[in-house]
Amino acid sequence: VVLWTKSPRNMLEHSSLRQALEELVSAGVQIALQLTVTGFGGSFVEPGISPWPETMDLLAALLDSGLIEARAVTIRYDPLLQIACTGLGVFSNCRSELFRAIVAAASKLTIDRMVTSRADLDGYPRAAARLKDVGLEAIGPSEETARQFVSQMDGVCSSHGIELAVCCSPAVELGSAGCIDGRRYNELADEHGQRGQAPCSERRHNAT
């Protein structure tokens, strides 16, 4: 079972969900987590999302609970996004110091896989429209800017023994294919053939 969220809080604090997860684990079902940490949490961009240090503290508590193991967790630093706000300038998570801090926190929790992708607002026009509704405009990053930043990200991850993969964009070959790596989960479960590669893996290869 692969869960995808911006906060693991409910996995710990929602009684019905936690009970269901505990029953699955007791039955031998592997729980995996795709945890999105954009770096915008707690800001006006994501006011309803916890700041990233709080999210990582919740992840630490989740790992301590025994519901999930660190190797079944993927940290998603995505989408890479640059936002213009009238009168306030440009806000971006394409920032080396921010990414380095998040990677260091992930490394302390023995997380060994991260995924990133470039914001595709052409493909998601409703997201772009919602930004404009609150006075924001997505202005990037460009494919080339994203490529350059991903190269920096890869160096940071490598220095901590973390694999970095790219989902769809920018079109670079890094790590195992796709955001959900079925082969990895099968290896963790010591089983074969139950989970295929994510569709984004095929889309990314077609783009290169």
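The values are calculated or read from the model by the stated rules, or taken from the named source; none is laboratory data. It should be emphasised that the depicted structure is a prediction, and the values quoted were computed from it without experimental measurement. As a convention, Cβ positions derive from the backbone with ideal geometry for all residues, glycine included, and neighbour counts pool all protein chains shown. Ligands, DNA and RNA are stripped out before the accessible areas are found, and what is left, the full protein with its side chains, is counted by its heavy atoms. Shrake-Rupley method; radii C 1.70, N 1.55, O 1.52, S 1.80 Å.
Might you let me know whether the range 192-207 holds any residue that is open to solvent by 60 Å² or more (accessible area, probe 1.4 Å) and either at pLDDT 80 or above or under 20 Å from Val45 (Cα atoms) (or both)? Explain how you work it out, then say what you get.
Narrowing the range 192-207 to residues open to solvent by 60 Å² or more (accessible area, probe 1.4 Å): 192-195, 197, 199, 202-203, 205-207.
Subset that is either at pLDDT 80 or above or under 20 Å from Val45 (Cα atoms) (or both): none.
No; the residues of the range 192-207 include none that is open to solvent by 60 Å² or more (accessible area, probe 1.4 Å) and either at pLDDT 80 or above or under 20 Å from Val45 (Cα atoms) (or both).
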Practice problem: Could you check how many residues of the range 119-160 are in a loop (DSSP other than H, G, I, E, B) and small (Gly, Ala, Ser)? | Solution: 4
Quiz item: Does Leu17 meet the test of being without any contact (Cβ under 8 Å) to a residue 12 or more places away in the chain, among the aliphatic types (A, V, I, L, M) and either out of contact with any strand residue (DSSP E or B) (no Cβ under 9 Å at 6 or more places or on another chain) or part of a helix (DSSP H, G or I) (or both)?
Solution: yes
Quiz item: Under the condition of being surrounded by fewer than 19 Cβ atoms within 10 Å (Cβ to Cβ) and modelled with pLDDT of 90 or more, which residue from the range 158-191 is farthest from Ala104 (Cα to Cα)?
Solution: Glu163
Quiz item: So, in the range 1-14, of the ones that are of a type outside the set (Val, Ile, Thr) and in a strand (DSSP E or B), which residue ends up most open to solvent (accessible area, probe 1.4 Å)?
Solution: Trp4
Self-check item: Residue satisfying all of: in the range 87-117; open to solvent by 70 Å² or more (accessible area, probe 1.4 Å) and in contact with a helix residue (DSSP H, G or I) (Cβ under 8 Å, 6 or more places away or on another chain); nearest to Cys157 (Cα to Cα) among these
Solution: Arg100
Quiz item: Among Arg71, Arg130, Arg113, Arg76, which is under 28 Å from Val2 (Cβ atoms), among the charged types (D, E, K, R) and over 16 Å from the mean Cα position of the chain (by Cα)?
Solution: Arg130
Quiz item: What are the residue pairs meeting all of these: first residue in the range 22-34, first residue without any contact (Cβ under 8 Å) to a residue 60 or more places away in the chain, second residue assigned to a strand (DSSP E or B), Cβ atoms under 6 Å, and 6 or more apart or on different chains?
Solution: Leu33/Leu3; Leu33/Val73
Self-check item: Selected residue (criterion: surrounded by the most Cβ atoms within 10 Å (Cβ to Cβ)) from residues of the range 124-157 that are within 21 Å of Val103 (Cα to Cα) and charged (D, E, K, R)
Solution: Asp154
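May I ask you to verify whether Leu59 is over 15 Å from Ala189 (Cα atoms), open to solvent by less than 10 Å² (accessible area, probe 1.4 Å), of a type outside the set (S, T, N, Q) and not in a loop (DSSP other than H, G, I, E, B)?
On the way: over 15 Å from Ala189 (Cα atoms): yes; open to solvent by less than 10 Å² (accessible area, probe 1.4 Å): yes; of a type outside the set (S, T, N, Q): yes; not in a loop (DSSP other than H, G, I, E, B): yes.
Yes: the conditions hold for Leu59.
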